[in-house]
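**Q** First, the structure itself, so that you have it in front of you.
The values are calculated or read from the model by the stated rules, or taken from the named source; none is laboratory data. Since we're looking at a predicted model, the values are computed, not measured. Cβ atoms come from the backbone with ideal geometry, glycine included; neighbour counts cover every protein chain shown. Please note that ligands, DNA and RNA were not included when accessible areas were found on the heavy atoms of the full protein model with its side chains. Shrake-Rupley method; radii C 1.70, N 1.55, O 1.52, S 1.80 Å.
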Amino acid sequence: DIISIKAIPRGIQVITNKPWLPGDRRNIAYRAAEFLISRYGIDSGVRISIKKNIPVSAGLAGGSADAAAVLKGINELFNLHLSEEEMLKAGTSLGADVPYCIKGGTVLAEGIGERLTELERLRTLNLVLVKPRVSVSTKWVYENLDLAEIKDRPDIDGIAEAIGRDDIDFLCSNMKNVLETVTARKYGVIGEIKRLLIELGAKGSMMSGSGPTVFGIFLDKQSAQNAFNFLKSKN
């Protein structure tokens with residue numbers, strides 16, 4: 001998404017390129033602006049323009065990234081000089097993914113997303129993302145998640161160590177998303193896409209976030225491009 005922020009005399013305006021996107025408090029970008037304006041007594045309003053490119057309800061943290069951009073933008077626009085810690089606290093009040101979107105990089109997120117530990121930066125990889133023609137509510141996924149039934153959990157420590165030693169084989173072989181027990185169970189197309197990406201040469205494939213988007217990791221750009229072209233032709 002592309003975000004631009006401009007000071008206006010009063011109020012919060014959110015303008016988007018998608019007529020179905022809300023411009024009021026239902027939009028997390030609006031709430032991010034509202035939080036900082038209220039918290040730091042800003043005696044001005046803002047106009048937020050959002051060119052939406054990331055699909056909504058796709059498990060890609062598009063809304064969280066918008067909120068993070070608004071927090072950063074208002075911090076600069078009004079010279080608030082907020083520390084990273086203050087920014088992360090503001091992000092935590094808005095949503096679990098917002099702190100990561102503020103910090104970025106290769107990070108282990110724990111708790112409700114507020115505890116971030118920097119890891120060795122993962123080398124540049126080639127990813128192909130596939131979003132099936134379904135939309136998933138994160139709220140619905142978590143409401144239907146039964147932690148007691150999850151037997152196969154990700155090896156967090158092992159993956160973190162693999163990233164540190166640049167062991168992409170281990171990473172790809174051990175990626176797990178427990179939210180697939182909800183989303184992929186309801187939408188069989190998610191499993192089909194994962195299998196297809198592996199068949200097309202991906203070293204590993206997993207659902208992103210609460211879904212339904214699936215990504216595949218490819219070791220070389222040409223293999224990723226070939227997979228993309230093939231999947232695009234089937235769209």
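**Q** Please give the residues of the range 4-26, grouped as numeric ranges, whose backbone N is less than 19 Å from a label point set 7 Å along the Cα-to-Cβ vector of Lys139.
**A** 20-26
**Q** Run the numbers for Glu85 and Glu192: contour at 0.36 nm per residue of separation, minus the present Cα-Cα distance, in nm.
**A** 34.4 nm
**Q** Still on this model: Rounded to the nearest 20 Debye, what is the dipole magnitude of the range 124-235 about its Cα centre when Lys and Arg each give +1 and Asp and Glu each give -1 at the C-beta?
**A** Using Cβ point charges on Lys, Arg, Asp and Glu, the range 124-235 gives about 640 debye.
**Q** Next up: Report the charge-dipole magnitude of the range 38-100 in Debye, nearest 20, computed about the Cα centre from +1 at each Lys and Arg Cβ and -1 at each Asp and Glu Cβ.
**A** Here the size comes out at about 280 debye.
**Q** At a 1.4 Å probe radius, which order do Lys234, Lys131 fall into by accessible area, largest first?
**A** Lys234, Lys131
**Q** Over the range 109-235, give the accessible area per residue in Å² for a 1.4 Å probe, as an integer.
**A** 61
**Q** May I ask you to derive the relative contact order of the chain, considering only C-alpha pairs under 8 Å and at least 6 residues apart, and to give it as an integer percent?
**A** Averaging sequence separation for qualifying contacts and normalising by length gives 17 percent for the chain.
**Q** What residue among Glu149, Glu86, Glu76 shows peak mean-square fluctuation when the chain is described by a Gaussian network model with Cα springs under 10 Å?
**A** Of Glu149, Glu86, Glu76, the Gaussian network model singles out Glu149 as fluctuating most.
**Q** Ok, one more. Hey, can you grab everything whose amide H is under 5 Å from the amide H of Asn126? Only 5+ residues off in sequence or another chain; H modelled, so Pro and N-termini drop out.
**A** When sequence neighbours closer than 5 places are left aside, the close amide H contacts are Phe218.
**Q** First compute the accessible area of the chain with a 1.4 Å probe, then give the percent of it belonging to carbon and sulfur atoms.
**A** 49
**Q** Could you tell me the calculated FRET efficiency between Asp24 and Thr124, based on Cβ-Cβ distance and R0 = 22 angstrom, to the nearest 0.05?
**A** 0.05
**Q** Once you sort the root eigenvalues of the Cα gyration tensor of the range 1-119 as a ≥ b ≥ c, which label holds: rounded (a/c under 1.5), prolate (a/b larger than b/c) or oblate (the other case)?
**A** It comes out oblate by the Cα gyration axes.
**Q** Calculated from the structure, Rg/Rh (Cα atoms, Kirkwood Rh) equals which of (1) 1.02; (2) 0.99; (3) 1.17?
**A** (2)
**Q** What is the magnitude of the charge dipole of the range 1-48 about its Cα centre, with +1 placed on the Cβ of each Lys and Arg, -1 on the Cβ of each Asp and Glu, and no other charges, expressed in debye to the nearest 20?
**A** In debye, rounded to 20, the range 1-48 gives about 60.
**Q** So for the chain, taking the charge dipole from beta-carbon charges (+1 Lys/Arg, -1 Asp/Glu), which of Leu125, Pro55, Ile168 sits furthest toward the positive end?
**A** Checked the options; the winner is Pro55.
**Q** Given the options Ile112, Ile168, Ile198, which has the most mean-square fluctuation in a GNM of the chain, springs set between C-alpha atoms less than 10 angstrom apart?
**A** Evaluated over the chain, the most mobile residue of the options is Ile112.
**Q** Moving on to the next point. Can you tell me the FRET efficiency between Leu219 and Ser93 if r is taken as the Cβ-Cβ distance and R0 is 25 Å, rounded to the nearest 0.05?
**A** 0.05
**Q** A further question follows. Could you work out how far apart the two model spin labels at Thr117 and Ser233 are, taking each label as a point 7 Å from the Cα in the direction of the beta carbon, and quote it in nm?
**A** Spacing of the two 7 Å Cα→Cβ label points: 4.6 nm.
**Q** Okay, next question. Under a 1.4 Å probe, what is the accessible area of the range 1-92 per residue, stated in Å²?
**A** 54
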